[in-house]
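The structure appears right after this line, and notes come after that.
The values are calculated or read from the model by the stated rules, or taken from the named source; none is laboratory data. Bear in mind that the values here come from a model prediction, so they are computed numbers and not experimental data. FYI the Cβ positions are ideal-geometry reconstructions off the backbone, even for glycines, and counts take in every protein chain you see. Only protein heavy atoms, including side chains, enter the accessible area calculation; ligands, DNA and RNA are left aside. Shrake-Rupley method; radii C 1.70, N 1.55, O 1.52, S 1.80 Å.
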Amino acid sequence: MSNRRVDEDKRATLRRFAALGAATPLVGLGGGDDGDDDSSGSSDARDAIVGYVASTPGAHFSKVRDDLQLGTGETQYHLRNLVDDDTLEVRRDGDYKRFFPASRFSEFEQVALGYLRRDTPRGMLVHLLRDPDATGSELADRLGVSRATVSTYAKKLDAVGLLSREDGYAVRNPETVITLLIRYADSFGSDAAAFADDAAELIRFDP
């Protein structure tokens with residue numbers, strides 16, 4: 001009974017994201033599964049990956065696999081084909097391979113999404129957008145991490161162009177970062193969702 005429940009949950013997850021993927025241009029072009037006895041299921045998995053990456057850009061391999069409840073080999077197979085036929089593109093981010101819809105995001109946006117998918121860097125950026133005067137010690141206290149951790153990530157964010165350390169900390173290209181946070185808030189943590197809710201209120205406010 002438990003295995004049946006797992007299978008039903010997996011199929012429901014695949015169907016939900018496959019509906020998004022099927023509506024994405026280029027899906028289904030190339031990388032076909034002709035001759036595969038399970039071509040329908042394979043197509044669902046392929047479309048689900050496309051839909052998932054469209055709604056969760058910058059997701060790394062393990063997250064795609066685990067959230068869609070796919071096997072490692074199955075995930076590798078579809079991701080490789082989707083990259084080869086230019087439906088998706090991949091960016092190396094340290095130990096991760098992050099996946100994006102092809103030709104949708106600039107290099108800066110891809111880098112930003114990669115860091116926004118990490119709890120501490122995202123928390124730093126969200127807090128700095130809320131309070132541009134926040135110090136390193138204040139960020140550490142708010143995020144529940146060490147001052148050294150904040151300093152380490154600040155250096156990395158500075159190196160990739162997301163943060164300035166010239167006079168305290170300041171988010172670079174804040175409009176782009178805010179847009180990404182709001183647009184994909186549901187795929188980040190609760191901090192991003194709360195920020196998006198507050199930002200929406202500010203946008204609607206018209207004195």
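Net charge near Val111, counting Lys/Arg +1 and Asp/Glu -1 over other residues with Cβ under 9 Å of its Cβ? It would help to have the intermediate numbers written out before the result.
Values: positive: Arg91; negative: Asp93, Glu107, Glu109.
It works out to a net charge of -2.
Sorted by accessible area with a 1.4 angstrom probe, largest first, how do Val53, Val160 fall? It would help to have the intermediate numbers written out before the result.
Values: Val53 0, Val160 55 Å².
Of Val53, Val160, the descending order of accessible area is Val160, Val53.
Nothing charged except the Cβ atoms of Lys and Arg (+1) and of Asp and Glu (-1): what's the magnitude of the dipole of segment 84-173 about its Cα centre? Round to the nearest 20 debye.
On the way: 15 positive and 16 negative charges, 49 e Å.
With Lys and Arg at +1 and Asp and Glu at -1, about 240 debye.
At R0 = 30 Å, how high is the FRET efficiency between Ser164 and Lys97 if r is their beta carbon distance? Nearest 0.05 is fine.
After rounding to 0.05, the efficiency reads 0.60.
So with the 1.4 Å probe, I'd like the accessible area per residue for segment 108-202, rounded to whole Å².
Result: 48 Å² of accessible area for each residue.
Considering only protein heavy atoms, what is the solvent-accessible area of Val83 at a probe of 1.4 Å, reported in Å² to the nearest 10?
Result for Val83: roughly 40 Å² accessible.
At a Förster radius of 35 Å, what calculated FRET efficiency corresponds to the Cβ-Cβ distance of Asp198 and Ser106, to the nearest 0.05?
About 0.85, to the nearest 0.05.
Taking the full set of protein chains and a 1.4 angstrom probe, give the accessible area of Glu175 in square angstrom, rounded to the nearest 10.
130 Å²
P(r) tail for segment 108-202, what percent of Cα pairs lie past 21 Å?
Working: 1039 of 4465 pairs.
For segment 108-202, the share of Cα pairs beyond 21 Å comes to 23 percent.
Excluding Pro57 itself, calculate the net charge of residues whose Cβ lies under 12 Å from the Cβ of Pro57, where each Lys or Arg counts +1 and each Asp or Glu counts -1. List each step's numbers first, then the result.
Numbers: positive: Lys63, Arg91, Arg98, Arg104, Arg117, Arg183; negative: Glu89, Glu109.
So the environment of Pro57 carries a net charge of +4.
Using a Förster distance of 30 angstrom, determine the FRET efficiency expected from the C-beta separation of Ser146 and Thr72, and round it to 0.05. List each step's numbers first, then the result.
Details: r = 34 Å, r/R0 = 1.13.
Once rounded, the FRET efficiency stands at 0.30.
Near Arg183, within a Cβ-to-Cβ distance under 13 Å, what is the net charge of the other residues, with Lys and Arg +1 and Asp and Glu -1?
-2
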